[in-house]
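Just below is one structure, and these are the notes that go with it.
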Amino acid sequence: MKTRRKHLAALLLLSLCLAGVGATAVSAHEQKAAETDVFYNVHSGNLEVAHRFILHDAEHVLRQVTHSEADLLTSAEARRAFSRYVASRFAITRVDEQPLEFTLVGEEIDGGALWVYQETSLPQPLDTPLYLENRILQDVITGQVNRVNVRYGSQVKTFVFEVNTGKKRYDGPVLATPATGSE
C-alpha cells in the first residue's frame, strides 16, 4: 500500500510537470506579436519596410489562408505567397487617401523569424503626414498585436495595432532647420 502511494504520488508529480511543460510549449509558439520597421532612407530615396514574424505564426497563418500544407522553410513559393499576404494587409496612405505603392523586395528566414521586405519612393515633401495600417495576421490569430516603428535618423515613432485599430496618423519626421548663423 505504501509503495502504491509512492507510485501514485510520483505519477501525479510527473503529470503536473508534463502539464507545465505542455503549457509552456503552447505559449512559447503563440507570440501574437509582429514588428514592422519603416525607414526613411534619404540616401537611396526610398521608404523601406522590414516586417518580422515568428516563423511558426507565419506558417500557421499561411496554411489557414491558402488551405494548404505550406512549408516556409523549404518553399520559396510559400515565402512569396506569405509576402503577398503581408502586402495585402499593410498600407501607408497619404492625407489625400492615395496609397503608397510598395514593391515587394524579398523575404528571408533568420533563425526562428521570417522577414518580409518592401520599398517605395520617399513621399514628398518628407514631413508630409501619412496614415499607417497594419492588419497582418489579425484575421487568423486572435489577439494579434502589431507594432510599427517609423524611423527617420535617430527619431523613432511607435504605433501599436490591435484588431480593428484602423489607421493611425504619422505626421512625418521632424526635419532639422538650417542654422541661421546669426549667433
- Take the alpha carbon gyration tensor of the stretch 31-170, find the square roots of its eigenvalues, order them as a ≥ b ≥ c, and report rounded if a/c is under 1.5; if not, report prolate when a/b exceeds b/c, else oblate. prolate
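Starting from 0.36 nm per residue, how many nanometres of slack lie between Ala176 and His56 once their C-alpha separation is accounted for?
Value of the extension gain: 39.0 nm.
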- Multiply the residue gap between Thr66 and Leu126 by 0.36 nm, knock off their C-alpha separation, and tell me the result in nm, one decimal place. 17.8 nm
- Query: Residue farthest toward the positive end of the dipole of the stretch 104-170, with Cβ of Lys/Arg at +1 and Asp/Glu at -1: which of Val156, Trp115, Asn134?
  - Reply: Val156
- Query: Using mean Cβ contacts within 10 Å as the protection proxy, how do 158-166, 134-142 order, highest first?
  - Reply: 134-142, 158-166
- Message: Show me the ranking of peptides 62-68, 143-149 by mean Cβ neighbours inside 10 Å, starting with the highest.
- Response: 143-149, 62-68
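Since every read-out is calculated from the coordinates, none of them should be taken as a lab result. Everything numeric here is computed off the predicted structure, so don't read it as measured data. A quick note on method: Cβ atoms are made from the backbone with ideal geometry, for glycine too, and the neighbour counts reach across all protein chains shown.
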